[in-house]
Amino acid sequence: MSKLIGILTSGGDTPGLNAALRAIGKTVMGEANYQVIGFMDGFRGLAQNRNIRLNREVLSNIITLGGTILGTSRDKPHKMLVGGKKMDMRDVIVENYEKHQLEALVCIGGGGTHKNAQKLAEKGLNIITLPKTIDNDIEFTDTTIGYDTALGIATSAIDRLHTTAHSHHRIIVVETMGHNVGWLALGAGIAGGADVIIIPEIAYNVEIVAESILARYRNGKRFSIVVVAEGAMSVQERKVLEALIQKKEQAVDEKDVKTAKSDIQAFYESRKDHTINLAHQLESLTNLEARVTILGHLQRGGIPSAADRLLASRLGTSAALEILNKNYGNMIAAKSDQTVPIPISQVAGLKKYVPLGHHWVEAARKLGTCFGDLSLTF
Ligand code: F6P
């Protein structure tokens with residue numbers, strides 16, 4: 001009897017997921033005649049045993065497709081909403097895994113998926129993961145599936161905003177996704193020639209941003225492009241958040257922890273419109289007109305770039321070979337022109353922030369980009 005492997009996609013969708021499914025499936029079928037099933041909607045489908053056969057026909061012609069043919073969700077195996085209650089579904093998942101006599105399970109996802117995958121590996125399942133997220137915030141891998149496509153979309157949006165900003169002599173504030181990290185804003189900001197880039201790793205001072213825009217104006221540049229990562233924070237906001245985190249860390253009992261957690265949540269909710277507020281502040285500090293564009297889920301949609309298809313194909317085929325070699329418990333990372341297995345236990349719980357001295361940041365500063373932290377001299 002041929003062996004069976006399972007695959008699921010979990011967390012926010014990204015372009016390139018289907019290319020990864022195709023690469024894993026075609027390689028295990030071609031090299032060892034394994035069969036493949038895909039669980040629907042991430043860990044939820046695994047808990048509910050909803051699956052489809054990923055045969056050659058299903059995997060054909062999907063390399064160019066965005067999204068994921070399996071569907072996805074942010075459900076966690078150990079805390080899944082079932083009948084209005086949060087349930088630990090890990091044992092049910094193990095039963096389903098055993099029912100199918102799976103040889104291995106491939107989980108394709110971002111930070112949350114790696115934590116979830118580790119919890120299942122601890123239950124004895126043979127797990128392999130692939131890093132995907134438009135946020136590019138997974139440690140130990142050069143990049144993640146989906147980042148390049150999102151970078152291209154955000155960059156071309158900035159290109160288009162340039163012409164309208166220029167014609168109307170306006171400040172255009174563009175918000176990118178990226179959760180709590182700045183890779184997308186930084187990459188697209190540099191590639192799109194942004195004048196200001198604001199990322200979570202560098203707390204900003206709005207007066208400094210306004211001054212850099214006014215300095216451009218004095219030099220005859222009557223428009224400015226400000227790229228803001230969704231997780232960006234002013235110096236004042238950062239201080240408030242740090243104090244709340246400290247309160248949570250110092251909490252002595254469960255009640256205090258709960259209060260601190262809900263204060264942190266309230267803090268994040270209170271700054272939902274922070275990009276719009278920033279644009280208002282810039283208008284009043286500069287006396288120039290500002291407009292806001294929030295790129296949102298556009299950045300996750302549509303056809304994967306060539307680089308993402310290539311990355312997904314490299315990582316997917318390597319994951320398949322790891323399965324054939326029975327080498328489990330690893331994330332397959334991209335490292336220059338190689339792929340390397342990294343223990344999931346090491347990846348889970350880590351986040352790759354933009355280092356303050358990263359060469360992209362240094363390059364942007366040399367190009368005169370303002371990060372809102374240092375006054376620029378013109
Ligand atoms: O992690 C990917 C991401 O697109 C983040 O950049 C963003 O903060 C989040 O997902 C949005 O999630 P959702 O699609 O669930 O609203």
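The values are calculated or read from the model by the stated rules, or taken from the named source; none is laboratory data. Just so it is clear, the structure is predicted and the values come from calculations on it, not from any experiment. Reconstructed Cβ throughout: ideal geometry from the backbone, glycine too, with neighbour counts over all protein chains shown.
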What are the residue pairs meeting all of these: first residue in region 62-77, first residue assigned by TED's automatic domain parsing to the domain that holds residue 108, second residue of a type in the set (Ser, Thr, Tyr), Cβ atoms under 6 Å, and 6 or more apart or on different chains?
-> 68/9; 70/9; 72/9; 72/10
Please find, within region 305-323, the residue that is nearest to the ligand (Cβ to nearest atom) out of those that are surrounded by 15 or more Cβ atoms within 10 Å (Cβ to Cβ) and more than 28 Å from residue 4 (Cα to Cα).
-> 305
Taking into account only those residues within region 133-159 that are part of a helix (DSSP H, G or I) and over 11 Å from residue 187 (Cα atoms), which is farthest from the ligand (Cβ to nearest atom)?
-> 159
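So that you can scan it fast, the table gives a plain yes or no per residue for (1) over 25 Å from residue 25 (Cα atoms); (2) over 22 Å from the mean Cα position of the chain (by Cα):
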{"site": "74", "(1), (2)": "no, no"}
{"site": "77", "(1), (2)": "no, no"}
{"site": "80", "(1), (2)": "yes, no"}
{"site": "88", "(1), (2)": "yes, yes"}
{"site": "95", "(1), (2)": "no, yes"}
{"site": "99", "(1), (2)": "no, yes"}
{"site": "107", "(1), (2)": "no, no"}
{"site": "118", "(1), (2)": "no, no"}
{"site": "128", "(1), (2)": "no, no"}
Residue satisfying condition, being of a type in the set (A, V, I, L, M) and under 19 Å from residue 179 (Cβ atoms), within set 208, 197, 213 = 197
Give the residues of region 24-60 that are of a type in the set (Gly, Ala, Ser) and at positive phi, sorted by residue number.
-> 42
Filter result for the condition that a residue is within 30 Å of the chain's Cα centre (by Cα), in the same structural domain as residue 164 (by TED's automatic domain parsing) and hydroxyl-bearing (Ser, Thr, Tyr), over 204, 217 | 204
Odd one out for residue 103, checked against (1) within 21 Å of the chain's Cα centre (by Cα); (2) away from the ligand (no atom under 16 Å from the Cβ); (3) acidic (Asp, Glu) = (1)
Report the residue count in region 227-281 for those that are of a type in the set (Ser, Thr, Tyr) and more than 30 Å from residue 213 (Cα to Cα).
-> 2
Taking region 232-275 as the region of interest, how many residues are assigned to a helix (DSSP H, G or I) and free of Cβ contacts under 8 Å to residues at least 24 places away in the same chain?
-> 26
Selection from region 46-69 of residues that are assigned to a loop (DSSP other than H, G, I, E, B), under 24 Å from residue 29 (Cβ atoms), away from the ligand (no atom under 16 Å from the Cβ) and not basic (Lys, Arg) | 49, 54, 55, 60, 61, 62, 63, 64, 65, 69
How many residues does region 20-39 contain that are under 19 Å from the mean Cα position of the chain (by Cα) and either surrounded by fewer than 24 Cβ atoms within 10 Å (Cβ to Cβ) or within 20 Å of residue 100 (Cα to Cα) (or both)?
-> 1
Restricted to region 172-191 and to residues being surrounded by fewer than 22 Cβ atoms within 10 Å (Cβ to Cβ) and of a type outside the set (A, V, I, L, M, F, W, C), the residue nearest to the chain's Cα centre (by Cα) is 179
Count of region 276-304 residues which are away from the ligand (no atom under 16 Å from the Cβ), assigned to a helix (DSSP H, G or I) and small (Gly, Ala, Ser) = 2
Residues of region 346-378 being in contact (Cβ under 8 Å) with a residue 60 or more places away in the chain, assigned to a helix (DSSP H, G or I) and more than 19 Å from the chain's Cα centre (by Cα), which ones?
-> 361, 363, 364
Exactly one condition in (1) closer than 16 Å to residue 274 by Cβ; (2) within 16 Å of the ligand (Cβ to nearest atom); (3) not hydrophobic (A, V, I, L, M, F, W, C) is not met by residue 187; state its number.
-> (1)
Exactly one of 173, 228 is assigned to a strand (DSSP E or B), within 14 Å of the ligand (Cβ to nearest atom) and either out of contact with any helix residue (DSSP H, G or I) (no Cβ under 7 Å at 6 or more places or on another chain) or among the β-branched types (Val, Ile, Thr) (or both), and that residue is 228
Given the conditions (1) closer than 23 Å to residue 308 by Cβ; (2) in contact (Cβ under 8 Å) with a residue 40 or more places away in the chain, which single one is not true for residue 119?
-> (1)
